[in-house]
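Okay, structure first, notes after.
The values are calculated or read from the model by the stated rules, or taken from the named source; none is laboratory data. Just so it is clear, the model here is predicted, and its values are computed rather than measured. Here the Cβ is made from the backbone with ideal geometry for all residues, glycine too, and neighbour counts use every protein chain on show.
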Amino acid sequence: MAAEVVHCPHADDCGGCDFIGRPLSWQRDHKISELGSLLRAGGVSFPAIDFISPALNGLRDRLDFVLEEGRLGLAGKSRREAGENPPGPAFGAGLAAPKERPDFSGGTGSRIVDLLECGQLSASLGAWLEEFRAHLPRVRRGSVRLRVAPDGRRGMWLDFSNADIKNLLDESAWLKSWPADVVIEMGQRRKWVDRGPSRPVLRDPVLFPWFESRFQEEVVPLYGMVGSFTQPGLRSNRLITEWIQSEVRRRNPRHIVEFGSGQGNLSFPALSGGATLTACETDRLALQGFARSLEALAEKGHDLRAKVRIEAGDFLRRPPEDFLSADLLLVNPPRSGLKKFLDPLPQARGLESILSMSCHPESFAEDAPRMVREGFALKKLRILDQFPQTKHYEVLAVFER
C-alpha cells in the first residue's frame, strides 16, 4: 500500500534507515519472522507475536548525529555496506554509552551524509535540528546529541575532543550565541556549560526533566541530562509505560526487583500498584535523576520514596541481595543481555513472573531459554516498532512460572 511507504530524499545515500521504501506490512512480517526464528533456534515455545506500530515516521525526540568537517548526519550507505564501523550510532541502534566514543580513525574523505532534514524526527526536534544546522561549531569531528523535552526545552550534548572543547570555551562566542534557555553539555562526562558573564566554564552535570513516565494517571517528569539514556521518543514510550503498568497491575506483586532502572522510566508505572521495588542500575547519574523524580512525584502528593530501594552496581556480575525476595522481576538489560543477573533464578522459588523489555532480539533470544529451563513459560510477546524504517525493534515479553 502506498500509504505504508516512506520516501526520503537521502534514501540512496544515508545508512540510518535499513528498510526505507519498504511497506510497513513487509517490515512487520520481516521483524515477526526474525524474532520467531531466533526463539525457535533456542528451542523456546512462544505465543502469537503481537506487533504495535505507533507511526510510520516522526517518533524521535532525541537524535544522535556525527559532525565531520562541516557535515552533520549519519554514516553513508556505502560505508555500512562495506562492513566498516560507522562513526556514530544509526537511528535504530539505540544510545551508545558515554564510554563508547565513536571511532574516527582511519580512512580519507567524509563518511557522513549531510542530512538537511530527517523524517524520523518529531516536528519539534526537526525544527531544533534546522536551527542547530544553521550555526554549526567549527570542529573537525565529534558527535552531537540534540534533545527536546516535553516542556519544549532544548538541549545539546557535544562529545568533542578535549582540544575542541577547550577552543570553544576559550573563544566563547559560539557558546554564548545560544539563548540562555538552551542547555549545553560537553565531553564524555556530560559537564554542564555555565555561560555566565565571563568565560564559559564546565560545571558538574545539572539535572533537568528531559523525559517523562507515568504513575497511575499522573505524568512523572524524569530528571537527567541531555546525554542520559532514555527511550528515543515520547509517543512510543507512552505505549511502553502503559504496557508495564497494565501487566504489573494484573499480577499485583508484593516486591519487584528491577534490572536496568535508569532514571525510573519503567519503575514508576511498575509502582502503580502497592508493591515495593528495588531499582538496580550501573549509571549513578541516572540514579540521581531517579531520586530527583521521586521527589518531584512526592511534590504532587504521591510519595513513593519509602517503597523504593535504589542500588548502584554492576548487576551483570553480581545480582542484588534481595533477588530472592521478589515475586516479579522487571528487566531492561543492555544489548549484551542479562548475563549473571539470572544466576539466583534456580533458588528464587517465590518468583512468579518476569517482565522483559529488550532492544536487542538476539540477546533476548539467548536469555529466554535460560528462563524456560528454570520453569518459566513465555506467555506474551510483543514487538513495539519504535524504530520504523530500520531493522531494529523493541521486544516486550511476559514469562510466567
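Looking across the stretch 273-284, the residues that are over 17 Å from Asp327 (Cβ atoms) and either in contact with a strand residue (DSSP E or B) (Cβ under 6 Å, 6 or more places away or on another chain) or crowded, with 19+ Cβ neighbours inside 10 Å (or both) come down to Glu281, Asp283, Arg284. Residues being in contact (Cβ under 8 Å) with a residue 24 or more places away in the chain, part of a helix (DSSP H, G or I) and under 23 Å from the mean Cα position of the chain (by Cα) are entirely absent from the stretch 307-314. Checked against the criterion of being surrounded by fewer than 19 Cβ atoms within 10 Å (Cβ to Cβ), touching a His at 6+ places or on another chain (Cβ under 9 Å) and assigned by TED's automatic domain parsing to the domain that holds Glu68, the stretch 167-176 has at least one qualifying residue.
Note on the stretch 333-358: residues that are touching a Gly at 6+ places or on another chain (Cβ under 7 Å) and modelled with pLDDT of 95 or more amount to 0. Scan Ala291, Ala270, Ala296 and give me the residue that is crowded, with 24+ Cβ neighbours inside 10 Å, hydrophobic (A, V, I, L, M, F, W, C) and in the same structural domain as Val395 (by TED's automatic domain parsing). Matching residue, one of Ala291, Ala270, Ala296: Ala270. In the stretch 360-401, the residue that is surrounded by the fewest Cβ atoms within 10 Å (Cβ to Cβ) out of those that are over 30 Å from His7 (Cβ atoms) and aromatic (Phe, Trp, Tyr) is Phe376.
Restricted to the stretch 37-69, and to residues there that are in contact with an Asp or Glu (Cβ under 8 Å, 6 or more places away or on another chain) and either modelled with pLDDT under 95 or not β-branched (Val, Ile, Thr) (or both), the residue that is nearest to Leu381 (Cα to Cα) is Phe51. Residues of the stretch 322-342 that are surrounded by 20 or more Cβ atoms within 10 Å (Cβ to Cβ), touching a Lys or Arg at 6+ places or on another chain (Cβ under 9 Å) and not in a helix (DSSP H, G or I): Ala326, Leu328, Pro333, Leu338. Listed by position, the strands (runs of 3 or more DSSP E) contained in the stretch 132-211 that have at least 2 residues being in contact (Cβ under 8 Å) with a residue 60 or more places away in the chain and at negative phi are 141-148, 154-160.
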